[in-house]
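The values are calculated or read from the model by the stated rules, or taken from the named source; none is laboratory data. None of these values were measured; they are calculated from a predicted model. Using ideal geometry, Cβ is built from the backbone for each residue, glycine included, and neighbour counts are taken over all protein chains shown. These accessible areas exclude ligands, DNA and RNA; they are computed on the full protein's heavy atoms, side chains included. Shrake-Rupley method; radii C 1.70, N 1.55, O 1.52, S 1.80 Å.
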Amino acid sequence: MWAWRSLRRAERDLARDGLDGTHVAPPPPLPASARRGVLAIRRRRPSTCLERALVLQRWEAAHGAGSDVVIGVPGHSEDFVAHAWLESMPDAQAAQYHELMRIPAPVD
């Protein structure tokens, strides 16, 4: 439930207040094994790569594995596109992007 609510709130905060006004609340005290459920929600609920990265970043930080969110753009593109991923979990697309900025992991 935390992951679903956090994705929804990140979507709303990003639309209303931008990146600086987005806050993902810490997860409830759950064992690290509950990460599997967080990943499942990330895949099932429609969300952007930035929303997914911010929620997973908060989960990882609460479980002692803080990692930066990386935002990048492709080297050459006629259209503006961007992608976000968690530094500790780059996806297949990440290699095609040049880093623009990092969002440091929260310190709990």
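The table below gives the values:
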| quantity | calculated |
| --- | --- |
| Whichever residue in segment 6-24 is touching an Asp or Glu at 6+ places or on another chain (Cβ under 6 Å) and either open to solvent by 60 Å² or more (accessible area, probe 1.4 Å) or assigned to a loop (DSSP other than H, G, I, E, B) (or both) and, among such residues, is modelled with the highest pLDDT | GLU11 |
| Residues of segment 25-66 that turn out to be under 12 Å from SER6 (Cα atoms), outside any helix (DSSP H, G or I) and in contact (Cβ under 8 Å) with a residue 40 or more places away in the chain, as a count | 3 |
| Which numbered condition ALA3 fails, given (1) open to solvent by 40 Å² or more (accessible area, probe 1.4 Å); (2) in contact (Cβ under 8 Å) with a residue 12 or more places away in the chain | (1) |
| Residues (open to solvent by 30 Å² or more (accessible area, probe 1.4 Å) and either in contact with an Asp or Glu (Cβ under 7 Å, 6 or more places away or on another chain) or of a type in the set (S, T, N, Q) (or both)) located in segment 64-84 | GLY66, ASP68, SER77 |
| Total residues in segment 85-108, condition under 16 Å from the mean Cα position of the chain (by Cα), assigned to a loop (DSSP other than H, G, I, E, B) and either free of Cβ contacts under 8 Å to residues at least 40 places away in the same chain or surrounded by fewer than 18 Cβ atoms within 10 Å (Cβ to Cβ) (or both) | 10 |
